[in-house]
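**Student:** I have a structure I would like to understand better, so I am pasting it below and will then ask my questions one at a time.
The values are calculated or read from the model by the stated rules, or taken from the named source; none is laboratory data. Everything numeric in this text was worked out from a predicted model, so none of it was measured. We place every Cβ from the backbone using ideal geometry, glycine too, and count neighbours over all the protein chains shown. Calculation scope for accessible area: heavy atoms of the full protein, side chains included, ligands and nucleic acids excluded. Shrake-Rupley method; radii C 1.70, N 1.55, O 1.52, S 1.80 Å.
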Amino acid sequence: MARIVMKFGGTSMAGTERIRRVAQLVKRQAERGDEVAVVVSAMAGDTDRLVNFCREANALYDPAEYDVVVAAGEQITSGLLAITLQALGCNARSWLGWQMPIHTDDAHAKARIGSIDTDELLASMGTGCIAVIPGFQGLTDNNRVTTLGRGGSDTSAVAVAAAVKADRCDIYTDVDGVYTTDPRIVARARKLKAVTYEEMLELASVGSKVLQTRSVGLAMKEGVRVQVLSSFIDENAPDADSIPGTMIVTDEELENAQVERQLITGIAADKNEAKITLTRVPDRPGAVAHIFAPLADANINVDMIIQNVGRDKGETDVTFTCPQADLARCTDILENQRDAIGYNRLIPDTKVAKISVVGVGMKSHAGVASTMFSSLADRKINIQAISTSEIKVSVLIDEDETELAVRVLHTAYGLDADR
């Protein structure tokens, strides 16, 4: 007998027919004699709809009340799945975030999980009851509902798996694994048998939609075995213990499996970035701190920071990127800090995309960045900004050139699958 956490995303839960299919997959896992907990997302499109309601009510909405609204989607699907499992003859019940509870900090809309009380949950699972848990939500110390950020159900699933000491966390999505890039952009993208935590962490952070960044970081920290596989499979298909998805593993496990290593593991694209340029910022010590300190206090993540060489007048331009979802709050904060910062103009730009190449092989091979830059230059794709890490190179380009850039780089690094 194993203890398995199964997570289903929004497309898997989009309507009663798909929920019934999910229930059948869950029932089959439970019939193996396993203890099963299921973490679910809201139905596809529901969270966007709820977010839009908040924006229509107030563009600068209270994040605490925002959480109350958007947490409703997962509550609905958890109840519906429990009802459907009961209709199939399964012993099942829902556990909302406040009922376990899942304790988080008070960073509303971006909360982090501190701990999960599992005594009652484990006692229930020990009797054969399937636990259905809404992802994405938690509870502060003062009993306010929180949410974990977009894609937070992945983090919920990994956190639950770590808390109950699960043997494996299966993440069911609308794709059957992790690919070298988005198959909808590159038809010859290849599915990967295994990816290291480190590579998956970088891929998730730069736009890969398969797993949320924080979920991968948590899995790596807690040693949770994660498998990515598709919920859209035939009823007669093998169960999750033998389905060839993609395993997220340690470097050592990948080496021991003798999986062929590529210099580059994958190409990711992210169109959800916004670029902000502040012109004529005073070129003096502390000026940049006045820009980024208030953004950090507001829990706004920034990336790709560029400070130009100072002008003769002792001024410089500062450019950086942030998530598009934070652009309104970011510009509002910077405009309120205009006198303290001393900039001339604030220029936002949402028509940008971040393209990244990721691979552990970069650690021991030179020329990865050179290949990227020359390949893009050959196709007249202009680079607006660059950022790097030990296993990643990212560039900011015009949004309209996203798909061309991904195809060019996928071919340049030899990732195209044979037809």
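**Student:** Going through the range 111-191, which trypsin sites (Lys or Arg not before Pro) have at most 10 other Cβ atoms within 10 Å and a DSSP loop state?
**Tutor:** Sites meeting the loop and neighbour criteria: ARG184.
**Student:** Here is a further query. With the Cα gyration tensor of the range 133-196 in hand, convert its eigenvalues to equivalent ellipsoid semi-axes via √(5λ) and list them largest first in whole Å.
**Tutor:** Equivalent ellipsoid semi-axes, largest first: 31, 16, 8 Å.
**Student:** Picking from VAL210, VAL178, VAL69, which is most flexible by a Gaussian network model of the chain using Cα springs under 10 Å?
**Tutor:** VAL69
**Student:** Can you run phi through the Karplus equation (6.51, -1.76, 1.60; θ = phi - 60°) for the range 188-196 and list ³J(HN,Hα) in whole Hz, with x for Gly and Pro?
**Tutor:** Once rounded to whole Hz, the list reads 9, 5, 10, 7, 9, 5, 8, 9, 6.
**Student:** Nothing charged except the Cβ atoms of Lys and Arg (+1) and of Asp and Glu (-1): what's the magnitude of the dipole of the range 344-419 about its Cα centre? Round to the nearest 20 debye.
**Tutor:** Using Cβ point charges on Lys, Arg, Asp and Glu, the range 344-419 gives about 180 debye.
**Student:** For VAL228, what charge total do you get from the other residues with a beta carbon under 12 Å from its beta carbon, if Lys and Arg give +1 and Asp and Glu give -1?
**Tutor:** In short, +2.
**Student:** If you wrap a convex hull around the Cα atoms of the chain, how much volume per residue is inside, in Å³?
**Tutor:** 156
**Student:** Continuing with the same structure: Just the number, please: percent antiparallel of the DSSP beta bridges in the chain, rounded to the nearest 5.
**Tutor:** Bridges in the chain that DSSP calls antiparallel: roughly 60 percent.
**Student:** Turning to a different aspect of this structure: On the accessible surface of the range 81-157, probed at 1.4 Å, how many percent belong to carbon and sulfur atoms?
**Tutor:** 48
**Student:** Shifting gears a bit: Past 31 Å, Cα to Cα: identify those pairs from LYS191/LYS221; LYS7/LYS193; LYS27/LYS165; LYS165/LYS354, in the order given.
**Tutor:** Numbers: LYS191/LYS221 25 Å; LYS7/LYS193 19 Å; LYS27/LYS165 21 Å; LYS165/LYS354 36 Å.
In this structure, LYS165/LYS354 lie more than 31 Å apart at Cα.
**Student:** Provide Rg and Dmax in Å for the range 265-419, with only Cα atoms included in the calculation.
**Tutor:** Both quantities, over Cα of the range 265-419: 17.4, 59 Å.
**Student:** How many Å² of accessible area per residue for the chain, probe 1.4 Å?
**Tutor:** Ligands and nucleic acids excluded, the result is 45 Å² per residue.
**Student:** For the range 283-419, what % of the accessible area comes from carbon and sulfur atoms, probe 1.4 Å?
**Tutor:** Taking all protein chains in place, the range 283-419 shows 45 percent carbon and sulfur surface.
**Student:** Moving to a separate point now. With a 10 Å cut-off between alpha carbons and a GNM built on the chain, which of ILE267, ILE391, ILE347 moves the most?
**Tutor:** Highest fluctuation among the options: ILE347.
**Student:** Under a Cβ-Cβ cut-off of 14 Å, what is the net charge of the residues other than GLU390 that fall near it, where Lys and Arg count +1 and Asp and Glu count -1?
**Tutor:** -2
**Student:** Could you work out the relative contact order of the chain? I mean the mean sequence separation of Cα pairs under 8 Å and 6+ apart, divided by the number of residues, in percent.
**Tutor:** Details: 873 pairs, mean separation 59.2, N = 419.
This gives 14 percent for the chain.
**Student:** If contacts are Cα pairs under 8 angstrom and at least 6 residues apart, what is the relative contact order of the range 31-76 in percent? Spell out each step's value before the answer.
**Tutor:** On the way: 21 pairs, mean separation 23.7, N = 46.
With pairs under 8 Å counted, the relative contact order is 51 percent.
**Student:** Please build a GNM for the chain, connecting alpha carbons under 10 Å apart, and tell me which residue among PRO183, PRO134, PRO101 fluctuates the most.
**Tutor:** For the chain, modelled as a Gaussian network with Cα springs under 10 Å, the answer is PRO183.
**Student:** So, with +1 on the Cβ of K and R and -1 on the Cβ of D and E, and no other charges, what is the size of the charge dipole of the chain about its Cα centre, to the nearest 20 debye?
**Tutor:** 520
**Student:** Compare the Cα positions of ALA204, ALA163, THR147 along the charge dipole of the range 133-204 (+1 at Cβ of Lys, Arg; -1 at Cβ of Asp, Glu; about the Cα centre) and return the one farthest towards the positive end.
**Tutor:** After comparing all options, I get ALA204.
**Student:** Note down the accessible area of ASP67, probe 1.4 Å, to the nearest 10 Å².
**Tutor:** Its heavy atoms expose roughly 0 Å² to the probe.
**Student:** Debye sum, Cα scatterers, the range 1-154, no solvent: what log₁₀ I/I(0) at q = 0.12, 0.19 1/Å?
**Tutor:** -0.49, -1.11
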